[in-house]
Amino acid sequence: MTKNTTQQDMNTISRLDLSKKLKQSNSNLLEPFLAFLAFTLASCLLVACFVYINYQTLIFHGFPWFKLSSAASSTVGVLDHESGDMCDVYDGRWVWDDNYPLYQSSDCPFIDSGFRCLQNGRPDSFYTKWRWQPKACNLPRFNGTKMLEKLRNRRIAFVGDSIGRNQWESMLCMLSSAIPNKDSVYEVNGNPITKHRGFLVFRFADYNCTVEYYRAPFLVAQGSAPRGAPKGVKMTLRLDLMDRTHRQWVDADVLVFNSGHWWSHDKTTNRGCYFQEGMEVSLEMDIATAFVKSIETLLNFVRGQVNTNKTQVYFRTYSPEHFRGGVWSNGGHCHHIKLPDFSSYPGKTEAHVEVLSHVLSKHPGVIEMMNVTPMTYTRQDGHTSLYHFGRGNETEPAGEDCSHWCLPGVPDSWNELLYARFLQRYDTVL
């Protein structure tokens, strides 16, 4: 009896041990599974929240990591509109496009070292991937060969401040990307691409055309104070006279003007630079009034001295700055911004744009305004910021530059708009 009971107890114990081992085994298998399930659910919830919060960004603008990009339309022009009428090419949005940029800075020898952000150490290249997409039509993709053919034996000149130079160098790169032999593109006076106080003219030998830049930050003449000027006047802006470079660019086939960044107290009255008309120097005239007078002088000059039957004339509007926490000289920064601002453009219009629109509307068709201000306002990510100097350019100031633009980058989009208008007017104007 004892023997049988012992054997029975042993069998029971064995079954209990087996049951315990099975439970332990199941527990060991179940715990990782539950952990994985919890992680998966949490991840799905996080992604769902992200998509919900960034719905507009993901769906309407495209986002690189989700590959929601919009491919460029290859041949459709700016007249592709439901009604067949002209659409507003300045009303649109930025979309991610894997086919951009149109060139690489390392392949273009015509860029100032200060605009070579990637080569100066910028770690991301997101800013090169955004394409401007008008709401009601499509822009033609830039074709350097086609533009050079239409520029054959002609001249295009950019006249203005250093942001105009930014755009000019962008155009040089966009056009030269179609030229296998870069040695056939050269500065006619042998001057290098460096910061220059005068002018630079690059010839594309194969097409006998030139792409020119004239430094004229105010567009009107600047010079020494006249004899008998009030005390404290070191120089003046001649609001009734064009900049002295006008004789060199007046006969160009395409003129692109810009001005605005120098119209400030820091660049004028704080330096002893006041406003002059005739022989009269005014200490009381405000900057806004002086700017209006300068644009009126430009408009009158173009009407009287430029053959607008031959020459296309544009004025590109102000390019917004994006300094955070100060300005260039006292700690302003923007290097941390990696994406455009997808929020709505403020309802107010820049005073600069209002002034231009009002003055130019007095004589419609003489100077066309390229209103890039709203589209550029959202591109806080594209400035040279910390990356405006590198090897061979160490003497640059240590502050961040949230005014100028990396190349390739935002100025390329201005030139794509210029290209579209250039093609559109070619048959009737050129």
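The values are calculated or read from the model by the stated rules, or taken from the named source; none is laboratory data. In this text the structure is predicted, and so the values were computed from the model without any measurement. So basically every Cβ, Gly included, is an ideal-geometry build from the backbone, and we count neighbours across all protein chains shown.
Kindly provide the set of residues from the stretch 292-310 that are more than 23 Å from PHE275 (Cα to Cα) and in contact (Cβ under 8 Å) with a residue 60 or more places away in the chain, ordered by number. Spell out how you get there, then give the answer.
Our first condition is that a residue be more than 23 Å from PHE275 (Cα to Cα); within the stretch 292-310, this holds for 303-310.
Hits for the stretch 292-310 are ARG303, ASN309, LYS310.
In the list ASP107, ASP124, which residue meets the criterion of being under 21 Å from LYS338 (Cβ atoms), out of contact with any Phe, Trp or Tyr (no Cβ under 9 Å at 6 or more places or on another chain) and surrounded by fewer than 17 Cβ atoms within 10 Å (Cβ to Cβ)?
Numbers: ASP107 fails: under 21 Å from LYS338 (Cβ atoms).
Going through ASP107, ASP124 in turn, just one is under 21 Å from LYS338 (Cβ atoms), out of contact with any Phe, Trp or Tyr (no Cβ under 9 Å at 6 or more places or on another chain) and surrounded by fewer than 17 Cβ atoms within 10 Å (Cβ to Cβ): ASP124.
Just one of the numbered conditions (1) closer than 30 Å to LEU360 by Cα; (2) at pLDDT 95 or above; (3) in a loop (DSSP other than H, G, I, E, B) is not true of VAL159; which one?
Going through the list (1) closer than 30 Å to LEU360 by Cα; (2) at pLDDT 95 or above; (3) in a loop (DSSP other than H, G, I, E, B), VAL159 breaks only (3).
Might you check whether a residue that is within 19 Å of the chain's Cα centre (by Cα) and at pLDDT below 95 occurs anywhere in the stretch 166-173?
Going through the stretch 166-173, the residues within 19 Å of the chain's Cα centre (by Cα) turn out to be 166-173.
Adding the requirement that they be at pLDDT below 95 leaves none.
No, that holds for no residue.
Tell me yes or no: at least one residue of the stretch 133-147 is modelled with pLDDT of 95 or more, β-branched (Val, Ile, Thr), within 23 Å of GLN312 (Cα to Cα) and crowded, with 20+ Cβ neighbours inside 10 Å.
No: zero hits.
Any residue in the stretch 98-122 that is outside any loop (DSSP other than H, G, I, E, B) sitting within a Cβ distance under 8 Å of a residue that is of a type in the set (A, V, I, L, M)? List the pairs, counting only those 6 or more apart or interchain.
SER105/ILE111; SER105/LEU118; SER105/LEU407; SER106/LEU118; PHE115/LEU407
Would you check if there is a residue in the stretch 201-219 being in contact with a helix residue (DSSP H, G or I) (Cβ under 8 Å, 6 or more places away or on another chain), modelled with pLDDT of 95 or more, crowded, with 21+ Cβ neighbours inside 10 Å and on the phi > 0 side of the Ramachandran plot?
yes
Taking the options LEU241, LEU283, LEU237, name whichever one is surrounded by 19 or more Cβ atoms within 10 Å (Cβ to Cβ) and more than 18 Å from GLU212 (Cα to Cα). Working first, answer last.
Details: LEU241 fails: surrounded by 19 or more Cβ atoms within 10 Å (Cβ to Cβ); LEU283 fails: surrounded by 19 or more Cβ atoms within 10 Å (Cβ to Cβ).
After ruling out the rest, the residue left standing is LEU237.
Can you name every residue in the stretch 369-386 that is outside any loop (DSSP other than H, G, I, E, B), within 15 Å of TRP132 (Cβ to Cβ) and not hydroxyl-bearing (Ser, Thr, Tyr)? Spell out how you get there, then give the answer.
We begin by selecting, within the stretch 369-386, every residue outside any loop (DSSP other than H, G, I, E, B); these are 369-370, 373-377, 383-385.
Filter once more, keeping what is within 15 Å of TRP132 (Cβ to Cβ): 370, 373-377.
The answer is MET370, PRO374, MET375.
Kindly indicate whether LYS267 is assigned by TED's automatic domain parsing to the domain that holds ASP161, among the basic types (Lys, Arg), surrounded by 14 or more Cβ atoms within 10 Å (Cβ to Cβ) and within 26 Å of the chain's Cα centre (by Cα). Quick ask: steps written out before the conclusion?
Numbers: assigned by TED's automatic domain parsing to the domain that holds ASP161: yes; among the basic types (Lys, Arg): yes; surrounded by 14 or more Cβ atoms within 10 Å (Cβ to Cβ): yes; within 26 Å of the chain's Cα centre (by Cα): yes.
Against the criterion (assigned by TED's automatic domain parsing to the domain that holds ASP161, among the basic types (Lys, Arg), surrounded by 14 or more Cβ atoms within 10 Å (Cβ to Cβ) and within 26 Å of the chain's Cα centre (by Cα)), LYS267 qualifies.
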